[in-house]
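Below: one structure, written as structure tokens.
The values are calculated or read from the model by the stated rules, or taken from the named source; none is laboratory data. A quick note: this is a predicted structure, and the numbers were derived from the prediction, not measured. A quick note on method: Cβ atoms are made from the backbone with ideal geometry, for glycine too, and the neighbour counts reach across all protein chains shown. Note: areas computed on protein heavy atoms with side chains; ligands, DNA, RNA excluded. Shrake-Rupley method; radii C 1.70, N 1.55, O 1.52, S 1.80 Å.
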Amino acid sequence: MDAAVVLSSAQKVFTFLLGQLEPVSRPEVALACRLSRPTVFSAMARLQDQQLVQDVGQRSGMLGRSASLYEVRTDAALVAGVDIGGSNLRVALGDARGRVLAETRAATSASGGHGVAEQAAELVRLLLEGIPGADLAGAGVSVPGVVGADGSTVHYAWNIGQPEPYDFRTPLVAGLGAPVILDNNVNLAALGEQWQGAARQLGTFAVIAVGAGVGAGIVHEGQLLRGAHGGAGEVAFLPSSRGHRPGLASPDEAGGLVLLGEAQARAGWHADTPPTSVQELFSWAAAGEGPAVELVEAESQRIAAIAASVCAIVDPETVILTGGVGANTVLVARVRELIQDLAPFPPTVVRSALGQRASLVGALAVAVRTAQGDLINSIGDGTRSPASTSAP
């Protein structure tokens, strides 16, 4: 069979297999890829020779001849997703199909950019120890700040003790020994929702995350908007009725830190005891406590105004609310009501399907997509060979 035909067929078959979470037979591959069975046999042989695909046995319990089943090898490429948050640092390892193999989290170090980068790399290395013989192909990393056009420098990461611009990527690459793709945490939350969450069927949408701070990730016609300086979606800098925020390192007006501070400064609480957490504040509001009801309403109005501002510029089909504050069902429902009178074309307002894992899933998504592209290219350029891979 012509070598060019085998190559193109192998790439087509492998692309199909990357999307399958369960093993499939060669006849099923032939049908799905619209290739002849001899062509699929040749393509599959090439993929097995390059240690990309493995035979995992035969399907049992069916009449007729048993068919051998194939799937992408777990060790074809191992990737990491890292979500650096103000409170928690989450890490996951996945294979080339996006299956999560291991996951962990820890409280985020308060030692600034260098300390957080070292902590993230160490957590990844600890997870790798549980998968002997596997090398890391790359990592996607979510950071709570604006990632500059160089893909390395992070600005305004005040909530992890790094208010000054800092090169996060260089220490991460050194610590992991693998390529790193760095992006803003809400941008990656949007990509996570697009990949596995509430935005799988959407072309244009926005994710608004309200946690300690507030930010937005905006996808227009399937593509993430970053802006000229990486600052698209930095809705904390929108002018408000109170004017601009007092400083670049100050907490966001609509974020949880300011909301809790307002609650603790407010008088009139039952037993003169203010809530000690945002969750408690919302719980008291649901129970009808006056100051809590007022604060939750004011917060809902702030978030609805932010959502309406995004709507006036990009006209999203849907706004997805997430974060420790943003995902609260009371706030989601109230923003859904308020947006009807604020946006020219009111979007659907929904709660995140991924919750606090959205940024981690998005980080894993960019790493998986990059690894898949590299693997498909390796089929043709000869860089993948039995000698260059570890044993199963």
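Please state the Cα pair-distance histogram of the chain with 20 angstrom bins from zero: what percent is in each bin?
The percentages, shortest bin first, are 26, 48, 22, 3, 0.
DSSP beta bridges in region 128-250, what fraction antiparallel, as a percent rounded to 5?
70 percent
If you line up the Cα atoms of region 1-50 on their principal axes, what length do they span on each, largest first, in Å?
In descending order, the Cα extents are 30, 21, 13 Å.
Suppose R0 equals 51 Å. What FRET efficiency, 1/(1 + (r/R0)^6) with r the Cβ-Cβ distance, do ALA267 and ASP315 give to the nearest 0.05?
0.75
Taking the Cα centre of region 1-86 as origin, sum charge times position over the Cβ atoms of Lys and Arg (+1) and Asp and Glu (-1), and report the length of that vector in debye to the nearest 20.
It works out to roughly 380 debye.
In whole percent, and with a 1.4 Å probe on the protein chains, what portion of the accessible area of region 78-173 is carbon and sulfur?
Here it works out to 50 percent.
Taking only protein heavy atoms into account and a 1.4 Å probe, give the accessible area per residue of region 1-107 in Å².
Computed with neighbouring chains in place, this is 47 Å² per residue.
Taking each pair of distinct Cα atoms in region 76-226 once, what is the resulting Kirkwood hydrodynamic radius in Å?
For region 76-226, the Kirkwood estimate is 15.7 Å.
Tell me the carbon and sulfur percent of the accessible area for region 277-361, rounded to whole percent, probe radius 1.4 Å.
Roughly 54 percent, rounded to a whole number.
For GLN301 and GLU164, compute 0.36 nm times the residue count separating them, minus their Cα-Cα distance, and round to one decimal in nm.
The GLN301-GLU164 span can extend by a further 46.2 nm.
In degrees, nearest 10, range 0 to 90: what is the angle between the Cα axis of helix 37-49 and the longest Cα principal axis of the chain?
Long axis of 37-49 versus the principal axis of the chain: about 70 degrees.
What angle do you read, to the nearest 10 degrees and between 0 and 90, between the alpha-carbon axis of helix 112-128 and the longest principal axis of the chain?
Tilt relative to the chain: about 40 degrees.
Stokes-Einstein D for region 143-209 at 4 °C, 1.567 mPa s, Kirkwood Rh over Cα pairs, in µm²/s?
Diffusion coefficient, whole number: 99 µm²/s.
Before rounding to the nearest 500, sum -39500 (n - 2.57) across all DSSP H runs of length at least 4 in the chain and divide by the residue total; then give [θ] at 222 nm in deg cm²/dmol.
-12500 deg cm²/dmol
Want the number for VAL330 to GLU129: 0.36 nm per residue separation, take away the alpha-carbon distance, what's left?
68.1 nm
At a Förster radius of 25 Å, what calculated FRET efficiency corresponds to the Cβ-Cβ distance of GLU337 and HIS220, to the nearest 0.05?
It comes out at approximately 0.45.
Can you compute the charge dipole magnitude of the chain about its Cα centre, using +1 on each Lys and Arg Cβ and -1 on each Asp and Glu Cβ, nothing else charged? Give it in debye, rounded to the nearest 20.
Around 1140 debye, computed over the chain.
Express the relative contact order of the chain as a whole percentage, based on alpha carbon pairs under 8 Å and six or more residues apart in sequence.
The value is 18 percent.
Work out how much length SER283 to LEU31 would gain on full extension: take 0.36 nm times their residue separation and subtract the Cα-Cα distance, in nm to one decimal.
So the extension gain works out to 85.3 nm.
For region 244-362, just the Cα atoms, rotate onto the principal axes and tell me the three extents in Å, largest first.
Projected onto the principal axes, the Cα atoms of region 244-362 cover 45, 31, 31 Å.
Looking only at the chain, where both bridge partners belong to it, what percent of the DSSP beta bridges are antiparallel (to the nearest 5)?
That works out to approximately 60 percent antiparallel.
Name the residue from GLY323, ASN377, ALA333 whose Cα lies farthest towards the positive end of the charge dipole of region 285-382, charges +1 on Cβ of Lys and Arg and -1 on Cβ of Asp and Glu.
ASN377
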